[in-house]
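The values are calculated or read from the model by the stated rules, or taken from the named source; none is laboratory data. The structure presented is a predicted model; accordingly, all values stated were derived computationally and were not measured. Every residue, glycine among them, receives a Cβ derived from its backbone with ideal geometry; neighbour counts consider all protein chains shown. The area values use the complete protein model at the heavy-atom level, side chains included, leaving out ligands, DNA and RNA. Shrake-Rupley method; radii C 1.70, N 1.55, O 1.52, S 1.80 Å.
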Protein chains: 2
Amino acid sequence: MKIKSKKIKVALVQQNCSENQENNLAKSIAEIKNAAQTGAQLVILQELHANIYFCQSENTENFDLAETIPGPVTEKLSSVAKEHKIVIVGSVFEKRAAGIYHNTAVVLDSDGSLAGCYRKMHIPDDPGYSEKYYFTPGDNEFKPIKTSVGKLGVMVCWDQWYPEAARCMALNGAEMLIYPTAIGWDPDDDDAEKTRQLNSWRIIQQSHAIANNLPLICCNRTGHEPDGSGQSKGIDFWGHSFITGPQGEILAQAAGKKAQILTSEIDLGRTESVRRIWTFFRDRRIDAYGVLTKRFGK
Amino acid sequence: MKIKSKKIKVALVQQNCSENQENNLAKSIAEIKNAAQTGAQLVILQELHANIYFCQSENTENFDLAETIPGPVTEKLSSVAKEHKIVIVGSVFEKRAAGIYHNTAVVLDSDGSLAGCYRKMHIPDDPGYSEKYYFTPGDNEFKPIKTSVGKLGVMVCWDQWYPEAARCMALNGAEMLIYPTAIGWDPDDDDAEKTRQLNSWRIIQQSHAIANNLPLICCNRTGHEPDGSGQSKGIDFWGHSFITGPQGEILAQAAGKKAQILTSEIDLGRTESVRRIWTFFRDRRIDAYGVLTKRFGK
């Protein structure tokens, strides 16, 4: 086969966060610079990297953490992107208007321009993850964001559990799937349950790479964060960020408990060759998928 | 949580096949009886278990292998189901009319009645898998088949690569996902590629269990079968049939190269408890999935 390879070096920054926003962002930026120095052309940050995961409790004061886009975080990331000529995917608690806040991924292109943003579409709400309180569901379509390194299928955390979302991104032309995320264990769960949860989280995302023949980058938070309200034992964010190829194969994987940069080379050209062998897109039964746009079949 | 468990013992028969149809079916039936004697209430056979995988080449004479439903295979399975009071999922090369053949799963209930059948919806066509030549795509919806052990989301082989299909089955009320299949390696592929293929096949199916919080049973063929046309080196069917719980966790897994019965207990009650923790069905963005029923986004 004469298929052109299109290799890019990617990196992600898995980190701990504290209540000191300035420190959090300084750490992210230091690591972006380190990644750029190793040749990374695209760097992914974790979900809400400038903050602790404040959604553990419901508190009106937490809305003070939100900012506009563009705003301080976007502007800082923009200047780093421009300085190092790299593409950055960041994550912002966005204030769009009074009473309308989003959990938003921002993409800065290598010239520092804002290539686009994606407002989280699937919003969870579980004990410890009160996201429906803070975030209005996104009203974007699942459209990839065009950058100098390719069309990025950026989604956020809970979106990762939805094969529909990844498929929509792929059908809309994404060349890779990217998930900034913040997921962890309930300290009260036993080890068997923790293992099932971690594995299912990794597998569901690998499956999006497989079903859509696309490379995938998932950047997760690490470290323990207490529940500010004292109602629970907090969350042990499980790290384990990873990068896969277009057959879902793990190319690189981070540890669970430590902050680290993870890098890998991915070849966007492999999507073309894998799609010639695994011809899933040819055979979709679009005449029979009607129930997918319904709540339930009855 | 006060959630009723609903445990059933399931089994699958992973086997080699030869050109002797009678022997193939005799082996399946002997193993079904063995499984029933260990207490299995539901037994799954592999795709086209009565035949070699004749789709390796295109030959008009192979249409002689097809039969009606009901027909000889269905009737034999029916009498075994009734005798042992078990539910059986079999697979038939179905002649529906002159020029209309299907790759069809048949479900026999524990009283011997035909509970329903499912005509394979996604039809592959690759070197060694000339299924588009033999099989008209199914015109059923993705509707589960009601039996005395539950509503079975039965699909066939290539369907297993489509998250859409599994989701449709789940939205239509399936209580478990079941895939009779026949997949193997091209002997010319290197070991790294073989590993990627086997892993991606396992992972994509585990992901359907995870996304839909349903147990899953996948019964695959084993053994080498030559290409009757002599055009290729044949197929090494890779076995590795498996059974998962509703978090995609592997409950039981068969070897690669040998015929065997695989059994496990699954608890249909766990779907209710897992869906209370992993609330994916609550948050689907049915307003934003429109492109799923299109060929491509542009």
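As a test of the definition: with a 1.4 Å probe, what buried accessible area, both sides summed, do you compute for A against B, in Å² to the nearest 100?
5300 Å²
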Which translational diffusion coefficient, to the nearest whole µm²/s, is obtained for the protein assembly as shown from the Stokes-Einstein equation, given a Kirkwood hydrodynamic radius over C-alpha pairs, 20 °C and 1.002 mPa s?
86 µm²/s
For chain B, the Rg and Dmax computed from alpha carbons only, in angstrom
18.5, 60
Listing of region B:109-128 residues, each with accessible area lower by at least 10 Å² in the full protein assembly than in the chain alone (probe 1.4 Å)
B:Met121, B:His122, B:Asp125, B:Asp126
Considering only DSSP beta bridges whose two residues both sit in the protein assembly as shown, what percent are antiparallel, to the nearest 5?
70 percent
The size of the Cβ-based charge dipole (Lys, Arg +1; Asp, Glu -1) of the protein assembly as shown about the Cα centre, to the nearest 20 debye, is 680 debye
The lysines whose Cα lies under 20 Å from the Cα of A:Lys27, excluding any fewer than 8 residues away in the same chain, are A:Lys76, A:Lys82, A:Lys85, A:Lys257, A:Lys258
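With +1 on the Cβ of every Lys and Arg and -1 on the Cβ of every Asp and Glu, and nothing else charged, how large is the dipole of region A:1-146 about its Cα centre, in debye rounded to the nearest 20?
The dipole magnitude comes to about 1180 debye.
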Between B:Thr195 and B:Lys82, what is the spin-label point distance in nm, taking each point 7 Å from the Cα along the Cα→C-beta axis?
5.1 nm
Can you tell me the accessible area per residue over region A:1-67, all protein chains present, probe 1.4 angstrom, in square angstrom?
47 Å²
What 222 nm value per residue comes from the helices of chain A, counting each DSSP H run with n ≥ 4 as -39,500 (n - 2.57) and dividing by all residues, nearest 500 deg cm²/dmol?
-7500 deg cm²/dmol
Loop-only check: which trypsin sites (Lys or Arg not before Pro) in region B:237-296 are DSSP coil with at most 15 other Cβ within 10 angstrom?
B:Lys257, B:Lys258, B:Lys294, B:Arg295
Which of B:Ala211, B:Asn62, B:Ala182 sits farthest toward the positive end of the charge dipole of region B:9-281, with +1 on the Cβ of Lys and Arg and -1 on the Cβ of Asp and Glu?
B:Ala211
Mean separation of Cα contacts under 8 Å (6+ apart) over length of chain B, as relative contact order %:
20 percent
Size of electric dipole in region A:9-281: Cβ of Lys, Arg +1 and of Asp, Glu -1, about Cα centre, debye, nearest 20:
1060 debye
Interface residues of region A:266-295, defined as losing at least 50 Å² of accessible area versus the chain alone with a 1.4 Å probe, are A:Trp278, A:Phe280, A:Arg282, A:Asp283, A:Arg284, A:Arg285, A:Ile286, A:Tyr289, A:Val291, A:Leu292, A:Thr293, A:Arg295
Return the carbon/sulfur percentage of the accessible area of region A:15-68, one whole number, probe 1.4 Å, all protein chains in place.
41 percent
Using the heavy atoms of the protein chains and a 1.4 angstrom probe, tell me the accessible area per residue for region A:148-298 in square angstrom.
32 Å²
If you stretched the chain out fully between B:Gln253 and B:Asp111, how much longer would it get, using 0.36 nm times the residue separation minus the C-alpha to C-alpha distance?
48.2 nm
So in chain B, what percent of DSSP beta bridges are antiparallel if you round to the nearest 5?
70 percent
Farthest toward the dipole's positive end in the protein assembly as shown, which of A:Gly290, B:Ile243, A:His102, given Cβ charges of +1 (Lys, Arg) and -1 (Asp, Glu) about the Cα centre?
A:Gly290
